[in-house]
Amino acid sequence: MKYQVEIEETTSKVIEVEAESAFEAKEMVDRKYRNSEIVLGGDDYVDYKVRIL
């Protein structure tokens, strides 16, 4: 039998930014992440899950 097994890794990083509001701060960090200005790597590893699909 063949099984599909998913491995999901969780990474996390706290970014401090100056902004006029919490919404603006979130948008700023989201934009930087999408533009690859913020990259999470091995040092940001938190946890993993393995599950059968």
Review point. All but one of (1) part of a loop (DSSP other than H, G, I, E, B); (2) within 11 Å of the chain's Cα centre (by Cα) hold for Glu16; which doesn't?
Key: (2)
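So if I check each of Leu40, Leu53, which one is at pLDDT 95 or above, open to solvent by less than 60 Å² (accessible area, probe 1.4 Å) and in contact with a strand residue (DSSP E or B) (Cβ under 6 Å, 6 or more places away or on another chain)? Steps first, answer last, please.
Details: Leu53 fails: open to solvent by less than 60 Å² (accessible area, probe 1.4 Å).
The unique qualifying residue is Leu40.
Within the stretch 1-37, can you find the residues that are within 26 Å of Leu53 (Cβ to Cβ), of a type in the set (Ser, Thr, Tyr) and open to solvent by less than 100 Å² (accessible area, probe 1.4 Å)?
Thr10, Thr11, Ser12
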Check your understanding: Can we say Leu53 is of a type in the set (A, V, I, L, M, F, W, C) and under 30 Å from Lys2 (Cβ atoms)?
Key -> yes
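The values are calculated or read from the model by the stated rules, or taken from the named source; none is laboratory data. Bear in mind the structure is a predicted one, so any value in this text is a computation, not a measurement. Positions of Cβ are backbone-derived with ideal geometry, glycine not excepted, and every protein chain shown enters the neighbour counts. Side chains are part of the model used for accessible areas, which takes the heavy atoms of the whole protein and leaves out ligands, DNA and RNA. Shrake-Rupley method; radii C 1.70, N 1.55, O 1.52, S 1.80 Å.
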